[in-house]
Amino acid sequence: MKFLDYAPAPESQALLNLKSDYGLFINGEFTAGRGTPFQTINPATEQQIAMIATANEADVDAAVSAARRAYNGVWSRLSGSDRGKYLFRIARLVQERARELAVAETLDNGKPIKETRDVDIPLVAAWFFYYAGWADKLDHAGVGPNPSSLGVAAQVIPWNFPLMMLAWKIAPALAAGNTVVLKPAETTSLTALLFAEILQQADLPAGVVNIITGDGSTGQALVNHPGVNKVAFTGSTSVGRAIARSVAGTDKKLSLELGGKGANIVFDDAPIDQAVEGIVRGIFFNQGHVCCAGSRLLVQESIHDDVIDRLKRRMQTLRLGDPLDKNTDIGAINSAEQLARIRELSDLGQQEGAERWSADCEIPENGFWFAPTIFTNVSTSHRIARDEIFGPVLSVLTFRTPAEAIAKANNTPYGLSAGIWSDKGSRILAIADKLRAGVIWANTFNQFDPSSPFGGYKESGYGREGGRHGLAAYLKPAVRSGSR
Ligand code: TAP
């Protein structure tokens, strides 16, 4: 393979034994892409980690053809329990290589090692274990007896939880008997290619999973490919809309997981210190690069000052810096583009009259960083209360009555997540019933479990991932005899 000249980042290469360049993973083998390779960098240092191949249309076609051959030749003929064995094997290999995957994910994405180590990678393994158990129980997936797989699934994922999003996509697709072509995000393709090595270790039949890297045009070529039966996309609402348009009029099945502007609602009877922890977890976990982040705090007026005081004190204790340091709470912003967007929206918040406050922290000289920030005096018309910032920036609004809390929480084009903090279970249930959000946490925030369906309403997309609902997205009902 030929790639561009570059100066490698020696410490990361040595630590992980990373290669200097990575090809596409098609039909069980790594192969050079026909497009121009691109560099993947460590957003905490701006140093190059490796060069990654770009798939052009011919490569996309080769990947879809490989997936089709694998579907017809092997995967659709295997019993559910045999498919499950492969998934169990993949889950165990992820556990065996957990440390390496955590470090690689942190290097390539910028998120703190304590998150990749304790959240991302364990959840990747959990997703494969969970769906391994489902592979021979598809009759109970909710689409009737003897459901069929769809065929070849095209899956396009974002950069905020690279391996976790990959697991959310690949595990149910394979369990349901589909084969896959997956395109990771351009800035975080590395760990998907390490995962491809795991597929080789697991002896997964060639072509069952193909991983093609590149920019948005590679993703576009994949979802538009006529050989694809299912498109599963996680990413921005704007790209999701474009994909929905391109899939319209075809028989491709589509699921979309898009953006969010989650409300974290704190009532005056809530345990305040716990709520403050939940607010921090809601917006500063993964630098706020979380579609279901609690990016709008709705706090009852009577406790506003107390909550904000305690929140600011807690924010002063957050450590921003080297993502590989296990004491780091706030890592790097994933890319220069994302940092520019966070800065732009935050500056706009100030111009619109909201009050800005950031924790004091030293910002490293290189890399992309943004101090944890809150805006108070925010009104529902402010852009920072409406637009997804996708960064460590919290917009604080107040409410007096439960009805006002519900109205403000629902006053968004999105409908992905919400949190409710209250001492009263009955209040939590009553409010949850009226929120238009696919996921609602009670006295906690940003907790994930493979058995729990996840997805949105309104402009947050449609379809669910996780649980049996996640399987149903990759199945169709059996054709009954006598019907056509
Ligand atoms: P996008 O820019 O939408 O990119 C997502 C993926 O789509 C990337 O792999 C991207 O490739 C690819 N892509 C770009 N243009 C495409 C096109 N025209 N056709 C097909 N694929 C295309 O989103 P992002 O910036 O990576 O991720 C952030 C967004 O994802 C946020 O809005 C966030 O809320 C959302 N998100 C949602 C969820 C759920 S579960 N709802 C989870 C995580 C993230 P490149 O990277 O090469 O551009």
Filter pass, Thr106 being within 16 Å of the ligand (Cβ to nearest atom), polar (S, T, N, Q) and under 20 Å from the mean Cα position of the chain (by Cα):
no
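Can you give me the number of residues within region 95-118 that are in contact (Cβ under 8 Å) with a residue 60 or more places away in the chain and surrounded by fewer than 24 Cβ atoms within 10 Å (Cβ to Cβ)?
As a first pass, look at region 95-118 and keep what is in contact (Cβ under 8 Å) with a residue 60 or more places away in the chain: 97, 100-101, 103-115, 117.
Now narrow it down to the ones that are surrounded by fewer than 24 Cβ atoms within 10 Å (Cβ to Cβ): 97, 100, 103, 113-115, 117.
Summing the residues that are in contact (Cβ under 8 Å) with a residue 60 or more places away in the chain and surrounded by fewer than 24 Cβ atoms within 10 Å (Cβ to Cβ) in region 95-118 gives 7.
Being assigned by the TED database to the domain that holds Asn334, at negative phi and surrounded by fewer than 22 Cβ atoms within 10 Å (Cβ to Cβ) narrows it down to one of Ile279, Ile272, Ile283, so name that one. Quick ask: steps written out before the conclusion?
On the way: Ile279 fails: surrounded by fewer than 22 Cβ atoms within 10 Å (Cβ to Cβ); Ile283 fails: surrounded by fewer than 22 Cβ atoms within 10 Å (Cβ to Cβ).
Going through Ile279, Ile272, Ile283 in turn, just one is assigned by the TED database to the domain that holds Asn334, at negative phi and surrounded by fewer than 22 Cβ atoms within 10 Å (Cβ to Cβ): Ile272.
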Show the residue pairs that are 6+ apart or on different chains and have beta-carbon atoms under 7 Å apart, the first residue being within region 141-162 and within 16 Å of the ligand (Cβ to nearest atom), the second being among the acidic types (Asp, Glu).
Phe161/Asp120; Pro162/Glu105
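Would you pick out the residues in region 386-404 that are under 20 Å from Gln287 (Cβ atoms) and either of a type outside the set (Phe, Trp, Tyr) or not in a loop (DSSP other than H, G, I, E, B) (or both)? I'd like the intermediate steps shown before the answer.
Taking region 386-404 first, the residues under 20 Å from Gln287 (Cβ atoms) are 387-396.
Correct list: Asp387, Glu388, Ile389, Gly391, Pro392, Val393, Leu394, Ser395, Val396.
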Quick check on region 448-459: of everything there that is more than 13 Å from the chain's Cα centre (by Cα) and farther than 20 Å from Lys230 by Cβ, which residue is farthest from the ligand (Cβ to nearest atom)?
Ser451
Give the residues of region 243-258 that are more than 8 Å from the ligand (Cβ to nearest atom), over 15 Å from Leu182 (Cα atoms), among the aliphatic types (A, V, I, L, M) and not in a helix (DSSP H, G or I), sorted by residue number.
Ala248
Going by what's in this entry, would Val439 be described as under 30 Å from Ala332 (Cβ atoms) and in contact with a strand residue (DSSP E or B) (Cβ under 8 Å, 6 or more places away or on another chain)?
yes
Arg296 outside the structural domain of Thr106 (by the TED database), more than 20 Å from Ile113 (Cα to Cα), in contact (Cβ under 8 Å) with a residue 60 or more places away in the chain and crowded, with 16+ Cβ neighbours inside 10 Å:
yes
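Check Ser417, Ser426, Ser379 and return the single one that is within 16 Å of the ligand (Cβ to nearest atom) and assigned by the TED database to the domain that holds Cys292. Break it down into steps so the answer makes sense when it comes.
Working: Ser426 fails: within 16 Å of the ligand (Cβ to nearest atom); Ser379 fails: within 16 Å of the ligand (Cβ to nearest atom).
Result: Ser417 is the single residue among Ser417, Ser426, Ser379 that is within 16 Å of the ligand (Cβ to nearest atom) and assigned by the TED database to the domain that holds Cys292.
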Identify, from the list Ala175, Ala196, Ala154, Ala167, the residue that is over 14 Å from the mean Cα position of the chain (by Cα) and within 19 Å of Ala135 (Cα to Cα).
Ala175
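Say whether the condition of being within 17 Å of Ile243 (Cβ to Cβ) and either near the ligand (Cβ under 8 Å from one of its atoms) or surrounded by 24 or more Cβ atoms within 10 Å (Cβ to Cβ) (or both) is met by at least one residue in region 187-203.
no
From the set of residues in region 253-269 that are charged (D, E, K, R) and more than 18 Å from Lys458 (Cβ to Cβ), which is surrounded by the fewest Cβ atoms within 10 Å (Cβ to Cβ)?
Start the filter on region 253-269 by keeping residues that are charged (D, E, K, R), which leaves 253, 257, 261, 268-269.
When the remaining residues are screened for being more than 18 Å from Lys458 (Cβ to Cβ), the result is 253, 268-269.
Numbers: Lys253: 19, Asp268: 16, Asp269: 13.
Looking at residues that are charged (D, E, K, R) and more than 18 Å from Lys458 (Cβ to Cβ), I get Asp269.
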Which of the residues spanning region 423-469 are assigned to a helix (DSSP H, G or I) and either closer than 23 Å to Arg281 by Cβ or in contact with a Cys (Cβ under 8 Å, 6 or more places away or on another chain) (or both)?
Gly425, Arg427, Ile428, Leu429, Ile431, Ala432, Ser460, Gly467
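Could you run through region 382-393 and say how many residues are under 11 Å from Arg356 (Cβ atoms) and either away from the ligand (no atom under 15 Å from the Cβ) or free of Cβ contacts under 8 Å to residues at least 40 places away in the same chain (or both)? Working first, answer last.
First, the residues of region 382-393 that are under 11 Å from Arg356 (Cβ atoms): 384, 393.
Keeping just the survivors that are either away from the ligand (no atom under 15 Å from the Cβ) or free of Cβ contacts under 8 Å to residues at least 40 places away in the same chain (or both) gives 384.
Summing the residues that are under 11 Å from Arg356 (Cβ atoms) and either away from the ligand (no atom under 15 Å from the Cβ) or free of Cβ contacts under 8 Å to residues at least 40 places away in the same chain (or both) in region 382-393 gives 1.
I'd like the full set of residues that are surrounded by 24 or more Cβ atoms within 10 Å (Cβ to Cβ) and near the ligand (Cβ under 10 Å from one of its atoms), limited to region 204-217. Even if it seems obvious, please write down each step before you answer.
To start, the set of residues in region 204-217 that are surrounded by 24 or more Cβ atoms within 10 Å (Cβ to Cβ) comprises 207-214.
Those that are surrounded by 24 or more Cβ atoms within 10 Å (Cβ to Cβ) and near the ligand (Cβ under 10 Å from one of its atoms): Thr213, Gly214.
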Mind counting the residues in region 276-299 that are of a type in the set (A, V, I, L, M, F, W, C), closer than 15 Å to Gly260 by Cα and not in a helix (DSSP H, G or I)?
5
Limited to region 307-361, what total is found for residues that are hydrophobic (A, V, I, L, M, F, W, C) and within 16 Å of the ligand (Cβ to nearest atom)?
7
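Please work out if Gly240 is in contact with a helix residue (DSSP H, G or I) (Cβ under 9 Å, 6 or more places away or on another chain), under 30 Å from Gly321 (Cβ atoms) and within 14 Å of the ligand (Cβ to nearest atom). If you could, list the steps in order and put the result at the bottom.
On the way: in contact with a helix residue (DSSP H, G or I) (Cβ under 9 Å, 6 or more places away or on another chain): yes; under 30 Å from Gly321 (Cβ atoms): no; within 14 Å of the ligand (Cβ to nearest atom): yes.
Here the answer is no, as Gly240 does not meet what is asked.
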Residue tally, condition free of Cβ contacts under 8 Å to residues at least 40 places away in the same chain and of a type in the set (A, V, I, L, M, F, W, C), over region 42-77:
2
If Lys261 satisfies all but one of (1) in a loop (DSSP other than H, G, I, E, B); (2) more than 10 Å from the ligand (Cβ to nearest atom); (3) of a type outside the set (A, V, I, L, M, F, W, C), what's the number of the condition it fails?
(2)
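Residue by residue through region 223-237, note down the ones that are within 7 Å of the ligand (Cβ to nearest atom), out of contact with any Gly (no Cβ under 7 Å at 6 or more places or on another chain) and either assigned to a helix (DSSP H, G or I) or acidic (Asp, Glu) (or both).
Let us first name the residues in region 223-237 that are within 7 Å of the ligand (Cβ to nearest atom), namely 223, 233-237.
Restricting the remaining residues to those that are out of contact with any Gly (no Cβ under 7 Å at 6 or more places or on another chain) gives 223, 234-235.
Matches in region 223-237: Val223 only.
The values are calculated or read from the model by the stated rules, or taken from the named source; none is laboratory data. Values in this document were obtained by computation on a predicted structure and should not be read as measured data. No Cβ is skipped: glycine too gets one built from the backbone with ideal geometry, and neighbour counts run over all protein chains shown.
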